[in-house]
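See structure below.
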Amino acid sequence: MKNNANLTRRTFLKLSMAGTAGALALPTIVPSSVFGANAPSKVINIGQIGCGRIARDMDLPGIMRHDIASVVAVCDVDTKRLADGKKLVEGYYAKRQKAVEVKTYADHRELLKDPKIDAVAISTPEHWHAELIIAAALAGKDVYVQKPLTMTLREGRAVSDIVNAKKRAFQIGSQQRSGEQFRIACELVRSGRIGQLRTVKVGLPTDPAGGNPAEQPVPPNLNYDLWLGCAPKAPYCEERVHPQKDYSRPGWLRIETYCLGMITGWGSHHVDIGHWGMNTEFTGPVEAEARAEFPKEGLWNVHGAYHIEMKYANGVTMVIDNNFTNGIRFEGSEGWIFVSRGGARTTASDPATAYGKALEASDPKILTSKLGSNDTHLYVSKDHHLNWLESIQTRKPAVTTPEQAHRATSACIIGWIAMKLGRKLRFDPVKEEFVGDAEANAMLTRAERAPFGALKLAKQA
């Protein structure tokens, strides 16, 4: 792929040293004319499913700033959040002097029936991701979904297969793929600038234990049964679901029924970049071994401190540890490269953690080396949401495909299973199952509460 990687590398380094990383941002409004004479004139109509913290802080602003798309519908099981979502979208467009009628839906199934909606952005709790992606694909909608892709490996396989079979434009919230420093790091690693790659070290944060499990009345504005979806019945309490007064970090992120914890929450970001640099985007580990601490009291039960080691068939070992600096460190026979967000956070309520520099190496000359025609040049995306909208228009793949998203998430899930079992596991990345381990294989899927469930929906398809 021909690109201007050398120029952008020098530009990025110069801007980083000057502390002006914001200068890399794209213009707020991108006219549809930039996509060429063959670009469709029709504006892409988007339905937003889930109007919580990530939707408000990231996905809605990321989509609405581009005039090739209009958010025309919002959906949420909490009518307060639904009303806030409608107000947010209409207020944004009013300031842009853009008239958009925003419909509201309390049930995603009704939104997906709307023939005027071309695509959906899914920003819900993680236990809903797989079912919503499959439902949207079957309804003929293109899909943007927040990470991680799924809660189980079997869900991930179904999602990838169905989205590909239905030829839907797809993007996942792995926005680091659209961060220049991450692409540069992976290009340099894959082009041999640190010699033979041996180890990838991934640093992730942890979540606190705690949470009050005392049962409370279900708020009249919340459809709690629909919020639970395929998850088991459980007594309602605010710290199980989301805050009723604000958009701070919700409790469901710390409960294994709805989220596996930081191993998939942040891990799906960093493992994806690890795979990108390792050239293992379409496979997975062959061995995994881990240890972890899990809370014994309270409502919140996702893992605490942990250490994971996963070996890949190419000889590279990925080590994931909460004591490492947040980011990805590629270690080779002739040096190392470290890449991170450099202090950037998705939302103000992200957990506090130690951040390293955005891009550094054992020898600074590694970062300024020029890539030749025989070196690796990776997919260039400078705006993650725009990249998805371009994919909808052109029908060409976005920077992260369903299979790449599945493989990154599944590696995290394999690590989580190793954390839970506390012993070495062997894994077949072709068959996508553990070798000779029935207990581990039973954890590749979960029971689904009727009538909900991604795998139930996939069977119907």
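The values are calculated or read from the model by the stated rules, or taken from the named source; none is laboratory data. Predicted model only: the values in this text are computed from it and were never measured. As a convention, Cβ positions derive from the backbone with ideal geometry for all residues, glycine included, and neighbour counts pool all protein chains shown.
If you take the residues of region 53-79 that are among the acidic types (Asp, Glu) and out of contact with any helix residue (DSSP H, G or I) (no Cβ under 6 Å at 6 or more places or on another chain), which of them is modelled with the lowest pLDDT?
That would be 67.
Specify the residue that is nearest to residue 221 (Cα to Cα); the eligible residues are those in region 67-101 that are more than 26 Å from the chain's Cα centre (by Cα) and of a type in the set (Asp, Glu).
90
Given the criterion surrounded by fewer than 16 Cβ atoms within 10 Å (Cβ to Cβ), under 23 Å from the mean Cα position of the chain (by Cα) and more than 26 Å from residue 51 (Cα to Cα), identify the matching residue among 167, 201.
Working: 201 fails: surrounded by fewer than 16 Cβ atoms within 10 Å (Cβ to Cβ).
Unique residue meeting the criteria: 167.
Looking at this structure, is residue 196 in contact with a His (Cβ under 6 Å, 6 or more places away or on another chain) and modelled with pLDDT of 95 or more?
When the stated conditions are applied, residue 196 does not pass them.
So for region 102-119 (the condition being on the phi < 0 side of the Ramachandran plot, under 14 Å from the mean Cα position of the chain (by Cα) and either modelled with pLDDT of 95 or more or surrounded by 22 or more Cβ atoms within 10 Å (Cβ to Cβ) (or both)), does at least one residue qualify?
Checking region 102-119: not a single residue is on the phi < 0 side of the Ramachandran plot, under 14 Å from the mean Cα position of the chain (by Cα) and either modelled with pLDDT of 95 or more or surrounded by 22 or more Cβ atoms within 10 Å (Cβ to Cβ) (or both).
Search region 236-261 for residues that are without any contact (Cβ under 8 Å) to a residue 24 or more places away in the chain and pair each with any residue that is surrounded by fewer than 19 Cβ atoms within 10 Å (Cβ to Cβ) when their beta-carbon atoms are under 7 Å apart and the residues are at least 6 apart or on different chains.
From region 236-261, the pairs are 236/215; 236/216; 236/218; 236/224; 238/216; 238/244.
Conditions: (1) surrounded by 22 or more Cβ atoms within 10 Å (Cβ to Cβ); (2) assigned to a strand (DSSP E or B). Residue 274 meets all but one. Number of the miss?
(2)
Report every pair of residues separated by at least 6 positions or lying on different chains whose Cβ atoms are under 8 Å apart, first residue within region 406-418 and farther than 17 Å from residue 304 by Cβ, second modelled with pLDDT under 95 and in a helix (DSSP H, G or I).
none
Take the residues in region 204-218 that are of a type outside the set (Gly, Ala, Ser) and free of Cβ contacts under 8 Å to residues at least 60 places away in the same chain; name whichever of them is surrounded by the fewest Cβ atoms within 10 Å (Cβ to Cβ).
Only one residue fits best here, namely 217.
Could you look through region 294-327, keep only residues that are over 14 Å from residue 199 (Cα atoms) and of a type in the set (D, E, K, R), and pick out the one that is surrounded by the most Cβ atoms within 10 Å (Cβ to Cβ)?
The qualifying residue surrounded by the most Cβ atoms within 10 Å (Cβ to Cβ) is 297.
All but one of (1) in contact with a helix residue (DSSP H, G or I) (Cβ under 9 Å, 6 or more places away or on another chain); (2) not in a helix (DSSP H, G or I) hold for residue 195; which doesn't?
Unmet for residue 195, out of (1) in contact with a helix residue (DSSP H, G or I) (Cβ under 9 Å, 6 or more places away or on another chain); (2) not in a helix (DSSP H, G or I): (1).
Sort out for me the strands (runs of 3 or more DSSP E) sitting completely within region 54-144 that have 1 or more residues that are in contact with a Pro (Cβ under 9 Å, 6 or more places away or on another chain).
Once the strands (runs of 3 or more DSSP E) in region 54-144 are filtered for at least 1 residues that are in contact with a Pro (Cβ under 9 Å, 6 or more places away or on another chain), nothing remains.
Which of the residues spanning region 125-155 are of a type in the set (Val, Ile, Thr) and surrounded by 24 or more Cβ atoms within 10 Å (Cβ to Cβ)?
Matches in region 125-155: 133, 134, 143, 145, 150.
Only residues that are of a type in the set (Ser, Thr, Tyr) and in a helix (DSSP H, G or I): list them for region 252-271, please.
Passing the criteria: 264, 268.
In region 357-390, what count of residues is obtained for those that are within 18 Å of the chain's Cα centre (by Cα) and over 16 Å from residue 181 (Cα atoms)?
Within region 357-390, residues that are within 18 Å of the chain's Cα centre (by Cα) and over 16 Å from residue 181 (Cα atoms) number 5.
If a residue has to be closer than 17 Å to residue 124 by Cα, touching an Asp or Glu at 6+ places or on another chain (Cβ under 8 Å) and in a loop (DSSP other than H, G, I, E, B) to count, how many in region 231-251 make the cut?
4
Across region 36-52, what is the total count of residues that are at pLDDT below 95 and not hydrophobic (A, V, I, L, M, F, W, C)?
Of the residues in that region, 5 qualify.
Among the residues of region 392-400, is any at pLDDT 95 or above, in contact with a strand residue (DSSP E or B) (Cβ under 6 Å, 6 or more places away or on another chain) and farther than 30 Å from residue 44 by Cα?
no
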